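A short write-up of the structure that comes next.
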Amino acid sequence: MWKLGIILFIIVGPTLAGIGALIPLAMGGVNQINPMFLAGAAVVGAVIAIPVSLFLGKKINDLMSSKGGVTA
């Protein structure tokens, strides 16, 4: 689960950090935003991505290890 969560963080982390960075830009515009607020929102998005990645990793791991799963 941890290894899968780390791999998922490579995708989920920058995605949520980008979404976090877009929020201040949408509220204030490019020329009127404080750069520290922009960086802080991106960091908050990246921090939120940690439990999201672990949750997704656990769900995927549970689906792969279940006996009633889909077989290829």
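As a check on your grasp of the helix formula, calculate [θ] at 222 nm for the chain: sum -39500 (n - 2.57) over DSSP H runs of n ≥ 4, divide by the residue count, round to the nearest 500.
That comes out to -29000 deg cm²/dmol.
If R0 is 25 Å, what FRET efficiency do you get for Trp2 and Asn31 from their C-beta distance, rounded to 0.05?
On the way: r = 42 Å, r/R0 = 1.70.
Taking R0 as 25 Å, the efficiency between Trp2 and Asn31 is 0.05.
Might you tell me the accessible area per residue for the chain, computed with a 1.4 Å probe and given in Å²?
Values: 5410 Å² over 72 residues.
It amounts to 75 Å² per residue over the chain.
Per 5 Å bin, what is the whole-percent P(r) computed from every C-alpha pair distance within the chain?
4, 17, 20, 14, 13, 10, 8, 6, 4, 2, 1, 0
The values are calculated or read from the model by the stated rules, or taken from the named source; none is laboratory data. The structure displayed is predicted, hence computed values, not measured ones. No Cβ is skipped: glycine too gets one built from the backbone with ideal geometry, and neighbour counts run over all protein chains shown. With ligands, DNA and RNA removed, areas are computed over all heavy atoms of the protein, side chains included. Shrake-Rupley method; radii C 1.70, N 1.55, O 1.52, S 1.80 Å.
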